[in-house]
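Trainee: Please read through the structure below; I'll follow up with questions.
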Amino acid sequence: MSEPSPAGSGPTSNDGSTVDPQPRRWLKLGLLAKTTLALLVVGIFPLLVFGLFTLADQRAGIDRMTDKAMQGTAEQISDRVDEWFDKNVRALRTAVNMPALTSMQRADQTLALQGFKQAYPWMYLIHSIGLDGKNVARSDDQPLADYSDRQYLKDIRDGGKDLAWLTAIGKTSGKPALNIAVPIRAHGVLVGVLAAAMTIEETSTIVANWRSGQTGFAFLVDENGKVLAHPRRDFVLTQKVLSAHPLVAAYQADHKAHLQSFADDGQDNLGYVHGNSLGWAVVVQQSRDELFAPLHDLATVAALLLLGAIGLVAGIAILASRMLVRPIAALTSAADRMSLGDLEAPVVSQGNDELTVLARSLERVRKSMSAAMKRIKLKSRS
């Protein structure tokens, strides 16, 4: 009784050798196919590496340029808003030192405010307010009003601030307005408040009119997230709160500049937010598809060029492979004929390369074998 074979061993033949129950099948390629494949790999691999490296470098370059452009735009807009705001504040602080204003006399203040408005025509209203919140004088001919509910008055009168501002719907213009207020002091004592109102549309033209391509725009919000300037007029008129906007929320969280991608209205955007000295935020954003459109165009052109190069390399590889394999195939055929006893057909050789040397060697072997066969035949006859 025979012992069972060890686990994992296959059946054995009559002579005791192990027989593989399923003969291994290897993919066999001819010399022509191998040569062609080798040439294709050598020719195409560098093209692929170069193409991918170029696209990656271009993408990084576009990323850098986009980031730098957005950052520069946001900072430039923010600086100009700060400059414009500071110019108005300096003007008001100069005005409160005029004796006509520190006197808190209506007639004197009215003449002074009217002259001040002529010097700063973008301020549609310049007015003084007493500590009771009521107008003392105005630069226009409208009736005196009560401003005791305005936060900027409370900030200066009750909070002791030297500067206050408020964005609200103007009582005079009926439009979103920016109000800047500074204290009026006589001999160091607070006697009133000087305020100037200007429409946001006029003061933030640079923000609302900024465009980049078809989808790039900028907008400005105050420290509470209320829109001060925006390409959409309805956002400005309603003073829409955009605190939920990803960039505005990021800025309000730490009051630092941020560059990030985000989705807006189902569109993938890239944006940059930068704050100014007042805590306002300037946001610049644009669609990523539009930003990277040049890269997509470059990738398309590169893919077409690569396909063309692959086709050219493939053609050259096939042609070169055939030129290389043809003489080897001829020598193989000659050797097969010789092995079958056909010693009459000479082995033709041309050139001075290694294959020519091999062909000449086969020719000498053919001649030697032919002579030997002749001697054998002669000997057998005799």
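The values are calculated or read from the model by the stated rules, or taken from the named source; none is laboratory data. The structure displayed is predicted, hence computed values, not measured ones. So basically every Cβ, Gly included, is an ideal-geometry build from the backbone, and we count neighbours across all protein chains shown.
A quick yes/no check of all residues on (1) of a type outside the set (Asp, Glu); (2) at pLDDT below 75; (3) surrounded by 13 or more Cβ atoms within 10 Å (Cβ to Cβ):
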position: Lys28; (1), (2), (3): yes, yes, no
position: Leu40; (1), (2), (3): yes, no, yes
position: Phe45; (1), (2), (3): yes, no, no
position: Arg90; (1), (2), (3): yes, no, no
position: Leu101; (1), (2), (3): yes, no, yes
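Trainee: May I pose another question? What number of residues within segment 302-319 are loosely packed, with under 15 Cβ neighbours inside 10 Å and over 29 Å from Arg59 (Cα atoms)?
Mentor: The qualifying residues number 3.
Trainee: Please identify the pairs in which a residue from segment 93-106 that is assigned by TED's automatic domain parsing to the domain that holds Asn135 and within 13 Å of His127 (Cβ to Cβ) has its Cβ atom under 9 Å from the Cβ atom of a residue that is polar (S, T, N, Q) and part of a loop (DSSP other than H, G, I, E, B), counting only partners at least 6 apart or on another chain.
Mentor: none
Trainee: Kindly evaluate Leu304 against the criterion of being of a type in the set (A, V, I, L, M), assigned to a helix (DSSP H, G or I) and without any contact (Cβ under 8 Å) to a residue 12 or more places away in the chain.
Mentor: yes
Trainee: Quick check on my filter: what residues within segment 231-246 are under 29 Å from the mean Cα position of the chain (by Cα) and not hydrophobic (A, V, I, L, M, F, W, C)?
Mentor: Passing the criteria: Pro231, Arg232, Arg233, Lys240, Ser243, His245, Pro246.
Trainee: Determine whether segment 168-176 contains at least one residue that is among the charged types (D, E, K, R) and either out of contact with any strand residue (DSSP E or B) (no Cβ under 8 Å at 6 or more places or on another chain) or modelled with pLDDT of 90 or more (or both).
Mentor: To start, the set of residues in segment 168-176 that are among the charged types (D, E, K, R) comprises 171, 175.
Going one step further and asking which of them are either out of contact with any strand residue (DSSP E or B) (no Cβ under 8 Å at 6 or more places or on another chain) or modelled with pLDDT of 90 or more (or both), we end up with 171.
Yes: one or more hits.
Trainee: Same structure, new question: Have a look at Ala168, Ala107, Ala137 and point out the one that is within 18 Å of Met198 (Cα to Cα), surrounded by fewer than 19 Cβ atoms within 10 Å (Cβ to Cβ) and small (Gly, Ala, Ser). Break it down stepwise before answering.
Mentor: Details: Ala107 fails: within 18 Å of Met198 (Cα to Cα); Ala137 fails: surrounded by fewer than 19 Cβ atoms within 10 Å (Cβ to Cβ).
Within the list Ala168, Ala107, Ala137, the selection yields Ala168.
Trainee: Which residues, counting only those in segment 128-159, are among the aliphatic types (A, V, I, L, M) and touching a residue at least 24 places away in the same chain (Cβ under 8 Å)?
Mentor: Across segment 128-159, the qualifying residues are Ile129, Leu131, Val136, Ala137, Ala145, Leu153, Ile156.
Trainee: Sticking with this one: Out of curiosity, is Phe116 in a helix (DSSP H, G or I) and in contact with a strand residue (DSSP E or B) (Cβ under 7 Å, 6 or more places away or on another chain)?
Mentor: So Phe116 passes the test.
Trainee: Looking at this structure, is Ser349 in contact with a helix residue (DSSP H, G or I) (Cβ under 6 Å, 6 or more places away or on another chain), among the small types (Gly, Ala, Ser) and closer than 30 Å to Ile44 by Cβ?
Mentor: The answer is no for Ser349.
Trainee: In this structure, is Phe217 buried (at least 18 other Cβ atoms within 10 Å of the Cβ) and farther than 30 Å from Arg93 by Cα?
Mentor: Yes.
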